[in-house]
Amino acid sequence: MAGAIELNDGQSRLVLAPENGAAIARYDALVIGSAPIALLKPGDGTGASGCQLLVPWSNRISGGGFTFGGRFHAVAPNVPGEAFPIHGDGFQKPWRLVDRTDTEAELVLEDGAIGPYRYAASVTYSLRDGALEAWLTVENRAGMRLPYGLGFHPWFPRGDTTLLHAKAKRVWLEDERHLPVGVVPVSERPGWDFERPIPLPLDWVNNAFDGWNGRASITQLEDGIKITLNASPELDFYILYSPSPDAGFFCFEPVSHPVDAHHGEGLTPLDDGETMSAEMRLDWEIAETD
């Protein structure tokens, strides 16, 4: 992978792909006496692999754009096969490396531009005692006030014994266009209630959850690994994308707003020159087994 950056603190290895949206391509646990264990689905940071940065918003915008401040702003679809613009354009652009050590790297995007958005963004990745910390910041440079959002899009391996623990209060239901059509208590969907560690559902899930405390864990019993995810308060929603048991992956995305928030609420209005930031931390440990 051209231009890849590798960080290593002796307990974890992180491979970054600046040309592919500053995505994470690999995050591996370095376990003594074992081959490296993939904590994220390995690849080149595109497609169903690694972890992408979601900026200047997460998920879909319907209606060809959105109205803000009394003005309609058109936003065209940006991914082949997708009817709506999705996840902004930060993941589609090359980022520039500005600083690095053996365990930390900072990358910047200075020409973010999609629909009405003109913005700069930066991300700092660091490894500390095996844990991955990712800090993402966006600055509005559009010359006008606009609503912004941020998120992270990690792809995790899914095995027969993968367990998810992520307590939430409500789940947003979706229609066939993957747009929200209402919200219900998770108690009405027991198979999606991750108040305790349970296997992922067998059926399709592509839903936003709120009333989340910003903490989740993923136990990969086959690998003997438990991954803990912590998100900063700005990321008070998560989106679970789990298409099927045989997909080999699922996504657990900490984000700052629900799907199609440009036609609802949850985005953060920023004046020209204002910024917003969010952080995700991933850590791992040997899983306790009976």
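Screening the range 146-174 for residues that are assigned to a strand (DSSP E or B) and of a type in the set (D, E, K, R) and picking the one that is farthest from Thr275 (Cα to Cα) gives Glu174.
Restricted to the range 1-28, and to residues there that are hydrophobic (A, V, I, L, M, F, W, C) and free of Cβ contacts under 8 Å to residues at least 40 places away in the same chain, the residue that is most open to solvent (accessible area, probe 1.4 Å) is Ala2. Annotation: of all residues in the range 148-171 being surrounded by 20 or more Cβ atoms within 10 Å (Cβ to Cβ) and among the hydrophobic types (A, V, I, L, M, F, W, C), the one that is nearest to Leu202 (Cα to Cα) is Leu164. Scanning the range 254-290 for residues that are farther than 30 Å from Val181 by Cα, of a type in the set (A, V, I, L, M) and surrounded by 14 or more Cβ atoms within 10 Å (Cβ to Cβ) gives Leu282, Ala287. Condition first: outside any helix (DSSP H, G or I) and over 21 Å from Met276 (Cα atoms). Can you find one or more residues in the range 50-57 that meet it? Scanning the range 50-57, I find at least one residue that is outside any helix (DSSP H, G or I) and over 21 Å from Met276 (Cα atoms), so the answer is yes. Of the strands (runs of 3 or more DSSP E) entirely within the range 233-290, none holds at least 3 residues that are under 27 Å from Val138 (Cα atoms) and more than 18 Å from the chain's Cα centre (by Cα). Can you pull out the residues in the range 208-224 that are assigned to a strand (DSSP E or B), within 23 Å of Glu174 (Cβ to Cβ) and open to solvent by 10 Å² or more (accessible area, probe 1.4 Å)? Residue satisfying the conditions is Asp210 alone.
Select from the range 29-49 the residues that are aliphatic (A, V, I, L, M) and open to solvent by less than 60 Å² (accessible area, probe 1.4 Å) and write down the one among them that is farthest from Thr275 (Cα to Cα). Restricting to residues being aliphatic (A, V, I, L, M) and open to solvent by less than 60 Å² (accessible area, probe 1.4 Å), the top hit is Val31. Selection of the range 121-145 for residues being under 20 Å from His87 (Cα atoms), in a strand (DSSP E or B) and either at pLDDT below 95 or open to solvent by 10 Å² or more (accessible area, probe 1.4 Å) (or both) yields Ser122, Thr124, Trp135, Thr137, Glu139.
Hey, among Arg177, Arg196, which residue is in a loop (DSSP other than H, G, I, E, B) and open to solvent by 10 Å² or more (accessible area, probe 1.4 Å)?
Details: Arg196 fails: in a loop (DSSP other than H, G, I, E, B).
Exactly one residue qualifies, and that residue is Arg177.
Report yes if some residue within the range 65-75 is of a type outside the set (D, E, K, R), surrounded by 16 or more Cβ atoms within 10 Å (Cβ to Cβ) and part of a loop (DSSP other than H, G, I, E, B); otherwise report no. Among the residues of the range 65-75, at least one is of a type outside the set (D, E, K, R), surrounded by 16 or more Cβ atoms within 10 Å (Cβ to Cβ) and part of a loop (DSSP other than H, G, I, E, B), which makes the answer yes.
The values are calculated or read from the model by the stated rules, or taken from the named source; none is laboratory data. Values in this document were obtained by computation on a predicted structure and should not be read as measured data. Positions of Cβ are backbone-derived with ideal geometry, glycine not excepted, and every protein chain shown enters the neighbour counts. Quick note on the areas: whole protein, heavy atoms, side chains included, nothing else; ligands and nucleic acids left out. Shrake-Rupley method; radii C 1.70, N 1.55, O 1.52, S 1.80 Å.
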